[in-house]
Amino acid sequence: MEKEYYVYITANRYNSVLYTGITNDVKRRMFEHKQKLVKGFTKKYNVDKLVFCEGFNDSLEAIRAEKKIKGWTKQKKLALIKNGNPEFEDLSENI
């Protein structure tokens, strides 16, 4: 079964600002971030580089994971990203 819900973290080009979100379509959501289509935090701070993404089959499980990560310190979020993406590459290029 294909995963339907995703928790993701985006960063600005300097990796100094992070945003944690949830979506059911990562490709669409990253297009929205990159094109600055939605007003708010990510548009204001140019947070449009996908640096972490985890898929879930259950929406409630994804929501719990998003809330958990949002409660973490920035250092803990950076450690999570570095564990799977040490170079902070833009993962949206491979979607």
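Maximal additional length on extending the D90-K76 stretch stands at 3.1 nm, based on 0.36 nm per residue less the C-alpha distance.
Counting only Cβ charges, +1 for Lys and Arg and -1 for Asp and Glu, the dipole size of region 1-58 around its Cα centre is about 500 debye. Taking the number of Cβ atoms within 10 Å of each Cβ as an exposure proxy, the fewest-first ranking of Y6, Y19 is Y19, Y6. Computed from the Kirkwood radius of its Cα pairs, the Stokes-Einstein diffusion coefficient for the chain at 10 °C and 1.306 mPa s stands at 119 µm²/s.
Taken about its Cα centre, region 5-94 carries a charge dipole of roughly 500 debye when the Cβ of each Lys and Arg holds +1 and the Cβ of each Asp and Glu holds -1. Over the residues of the chain, the helix contribution to mean residue ellipticity at 222 nm works out to -10500 deg cm²/dmol, using -39500 (n - 2.57) for each DSSP H run of at least 4. Placing unit charges on the Cβ atoms only, positive for Lys and Arg and negative for Asp and Glu, gives region 30-74 a dipole magnitude near 380 debye about its Cα centre.
None of the figures in this text is laboratory data; all of them are computed from the coordinates on show. Keep in mind that this is a model prediction, so the values were computed, not measured. Cβ atoms come from the backbone with ideal geometry, glycine included; neighbour counts cover every protein chain shown.
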